[in-house]
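Below is one structure, written out as structure tokens; the observations come after it.
The values are calculated or read from the model by the stated rules, or taken from the named source; none is laboratory data. Computed from a predicted model, the values in this text were never measured in an experiment. Every residue, glycine among them, receives a Cβ derived from its backbone with ideal geometry; neighbour counts consider all protein chains shown. Ligands, DNA and RNA are stripped out before the accessible areas are found, and what is left, the full protein with its side chains, is counted by its heavy atoms. Shrake-Rupley method; radii C 1.70, N 1.55, O 1.52, S 1.80 Å.
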Amino acid sequence: MVCFAIVIYLFIKGIGAIDWAFLTQDPQPSLREELSGGILAPMVGTILLTAVGIIVAFPWALATATYLAEYAEDNFFFGALRLGIDVLAGVPTIVYAIFGLAIFSLPELAFFSSMVEGVAEGKAFGRSFLVSGITMAVMVLPFVIKSCEEAIKAVPQTFREAAFALGVSKWRTISRVILPAARPGIITGTILGIGRIAGDTAIVWLCLGGSMNLTGPQPWWYPQNWGATLQNAGSTLTTFIYYSSPAGEGNSPNKAFGAGLVLIIIILILNTLVDYIGSIGKLKEE
Amino acid sequence: MLNTVNGKTKLHARELSAWYGRTPALKKVSVTIPANSIVGLIGPSGCGKSTFLRCLNRMNDLIRSFKLEGKITLDEKDIYAPDTDIVLIRRKVGMVFQQPNPFPMSVFDNVAFGVREHNRGVNGKKLENIVVNSLKQANLWDEVKDKLPQSGLSLSGGQQQRLCIARLLAVKPEVILLDEPCSALDPLSTGKIEELLLELKKSYTIVVVTHNLGQAFRISDYIGFFLLGQLVEFGPAAELAVKPKEKVTADYISGHFG
Ligand SMILES: Nc1ncnc2c1ncn2[C@@H]1O[C@H](COP(=O)(O)OP(=O)(O)O)[C@@H](O)[C@H]1O
Ligand SMILES: [Mg+2]
């Protein structure tokens, strides 16, 4: 009920700010709302960051989940591993953000961002789409692992037995029968992970840098600039809201509401996708 | 222990004992299963029939608490020897389960699945031929020839069970194990599967666990009677039906026939 009221309120406040210019112009640094531009760069930022995060997290999570569900034995080591995953799921994202920034500021890892110039001993900037994407991936890992593991364990034992009884090896059984059968659950888990990345602020704030616009070479949509864009900073809808809202550092409340509404819509679309994919899976089983 | 028709032994178990944790499930079971015959296994539930059957293709390896002593040979080769390729054993000794368990794929893909796994090169017309022949062998072709792209799960229970048999025939095993294959099926489907097994024994060795004594005597060449983990009696079906050696066997059989 409260959630619903918040969405309605956001809708009323935000819908007025959304027009074509709002969606297609970059933000401008201005305290006068009518001059402060649109949300193109933060929208691109949200999409880029989410893509990097999930592309890193998905294979890692799926491999871990498969291992836990199909190979791990009931012993102390895996008990501790499972407990660790549960604990990580409860760690606030600002903690991941601090670790991410600290690790990627090491000069050896400057490839992921850039070197800070004029510092004698050498220090990486430690803020970029790659850095924040990887940090996001680690942050969502426990959630995606959990839901993938559940999905794999929910595949009936009879499918495994059937494949084994045909003389199919364990690995082929997993890759050809079990994982395809678990697909709807795996996709659901992945999309929940996407939602978490799109909605996070702390990691963006610390690991993506403080710029509203993409700081890579422009125009960012030229293919030869893509790699550099990922090594550089930017913003997302969540930090845009912070920077433009009077409650944060800005003076453009309507634009903040507009961006909030766009973010909610993106997350709602993702949730609808979850339901849709889930229903395909159910239809097949019947 | 027993005179086989043509003398060739396919499977042999010697002094087989098995446990789940500490609970014994089989006690010193010895039996010879002749090639190209149907062996029926009967007995009250919980007496170890499934356990014995699942030893024959090492399906019990999946259960962590399971322990085994004794020896099983397939064509005189010990299938529990340390250097055994389990996957290869299961390829030769296939299994059909109590609940039909087609994969969540099309009818065609269900039958093609094992073939594709064992022989990646097979495709196109050749694969199609194998699928069609397997479905024909399983007496299912006429019923599904227009449904090949449909999900295997959309077929009736009896059709699903024959699909599972077709899927197995496609990979050309030598032995087919069936664990109460008809207990979830209606009498008509049961009849079709019995007919099918009688045809298949020309080319395969078949071991079938059944709750249905009528079925056991209709289709089996040999019958084994299990009780509390022991193989109490084993012999030609005709002999067991008329004059079983053991009194408990006679009691069990007459108890069931009233
Ligand atoms: N996976 C298992 N774990 C533990 N005990 C089992 C398992 N499967 C079977 N048993 C036990 O082993 C005994 C034999 O079972 P089973 O071979 O399934 O008998 P049947 O097929 O003749 O009904 C039973 O007492 C049963 O409870
Ligand atoms: Mg049983």
With the checklist (1) within 16 Å of ligand 1 (Cβ to nearest atom); (2) within 14 Å of chain A (Cβ to nearest Cβ) in hand, flag the one item B:Leu168 doesn't pass. (1)
Search result, residues across the stretch B:148-159 that are open to solvent by 10 Å² or more (accessible area, probe 1.4 Å) and within 11 Å of chain A (Cβ to nearest Cβ): B:Ser151, B:Leu153, B:Ser154
Consider B:Ala184 against the criteria (1) within 16 Å of ligand 1 (Cβ to nearest atom); (2) more than 19 Å from B:Phe103 (Cβ to Cβ); (3) open to solvent by 10 Å² or more (accessible area, probe 1.4 Å): it satisfies all of them except one. Which criterion is unmet? (2)
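Restricting the stretch A:18-33 to residues that are out of contact with any Ser or Thr (no Cβ under 9 Å at 6 or more places or on another chain) and either of a type in the set (Gly, Ala, Ser) or part of a helix (DSSP H, G or I) (or both), which is nearest to A:Asn251 (Cα to Cα)?
Only one residue fits best here, namely A:Phe22.
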Take the stretch B:117-144 and flag every residue that is surrounded by fewer than 18 Cβ atoms within 10 Å (Cβ to Cβ) and within 14 Å of another protein chain (Cβ to nearest Cβ). B:His118, B:Asn119, B:Arg120
Of (1) part of a loop (DSSP other than H, G, I, E, B); (2) out of contact with any Phe, Trp or Tyr (no Cβ under 9 Å at 6 or more places or on another chain); (3) within 14 Å of chain A (Cβ to nearest Cβ), B:Asn101 satisfies every one except (2)
Within the stretch B:48-64, which residues are crowded, with 17+ Cβ neighbours inside 10 Å and either aliphatic (A, V, I, L, M) or more than 7 Å from every other protein chain (Cβ to nearest Cβ) (or both)? B:Gly48, B:Lys49, B:Ser50, B:Thr51, B:Phe52, B:Leu53, B:Arg54, B:Cys55, B:Leu56, B:Arg58, B:Met59, B:Asn60
Looking only at residues that are more than 26 Å from B:Lys92 (Cβ to Cβ) and among the small types (Gly, Ala, Ser) in the stretch B:197-234, which one is surrounded by the fewest Cβ atoms within 10 Å (Cβ to Cβ)? B:Gly214
Name every residue in the stretch B:45-82 that is more than 16 Å from ligand 2 (Cβ to nearest atom), more than 17 Å from A:Glu161 (Cα to Cα) and outside any loop (DSSP other than H, G, I, E, B), in order of residue number. B:Lys67, B:Leu68, B:Glu69, B:Gly70, B:Lys71, B:Ile72, B:Thr73, B:Leu74, B:Lys77, B:Asp78
Which of the residues belonging to the stretch A:12-35 are in contact (Cβ under 8 Å) with a residue 40 or more places away in the chain and either open to solvent by less than 10 Å² (accessible area, probe 1.4 Å) or aromatic (Phe, Trp, Tyr) (or both)? A:Gly14, A:Phe22, A:Pro27
Would you point out the residue of the stretch B:74-108, among those that are among the polar types (S, T, N, Q) and under 17 Å from the mean Cα position of the chain (by Cα), that is farthest from ligand 1 (Cβ to nearest atom)? B:Asn101
Quick check: anything in the stretch A:117-124 within 14 Å of another protein chain (Cβ to nearest Cβ) and of a type outside the set (A, V, I, L, M)? no
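For residues in the stretch A:238-247 being at pLDDT 85 or above and under 23 Å from A:Phe104 (Cβ atoms), which is most open to solvent (accessible area, probe 1.4 Å)?
A:Tyr242
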Please pick out the residue among B:Lys8, B:Lys71, B:Lys67 that is over 28 Å from B:Ser203 (Cα atoms) and either within 16 Å of ligand 1 (Cβ to nearest atom) or away from chain A (no Cβ under 14 Å) (or both). B:Lys67
Checked A:Gly122, A:Gly84 against criteria (closer than 23 Å to A:Val140 by Cβ and either among the basic types (Lys, Arg) or open to solvent by less than 80 Å² (accessible area, probe 1.4 Å) (or both)); the one match is A:Gly84
Can you find a residue that is part of a loop (DSSP other than H, G, I, E, B) and of a type in the set (Asp, Glu) anywhere in the stretch A:194-203? yes
Flagged in the stretch A:143-189 as open to solvent by 20 Å² or more (accessible area, probe 1.4 Å) and not in a helix (DSSP H, G or I), in numbering order, are A:Ala154, A:Pro156, A:Ser169
So, first residue without any contact (Cβ under 8 Å) to a residue 12 or more places away in the chain in the stretch B:233-255, second residue assigned to a loop (DSSP other than H, G, I, E, B), Cβ within less than 8 Å, six or more apart or across chains; the pairs are B:Ala250/B:Pro244
Looking at (1) in a loop (DSSP other than H, G, I, E, B); (2) more than 16 Å from ligand 1 (Cβ to nearest atom); (3) open to solvent by less than 40 Å² (accessible area, probe 1.4 Å), which is the one condition that is false for B:Glu194? (1)
Among A:Ala97, A:Ala80, A:Ala61, A:Ala57, which is the only one that is more than 19 Å from A:Gly189 (Cα to Cα), under 17 Å from the mean Cα position of the chain (by Cα) and at pLDDT 90 or above? A:Ala97
Suppose we filter A:Ser147, A:Ser175, A:Ser132, A:Ser169 for residues that are more than 30 Å from A:Gly209 (Cα to Cα) and more than 14 Å from chain B (Cβ to nearest Cβ); which single one remains? A:Ser147
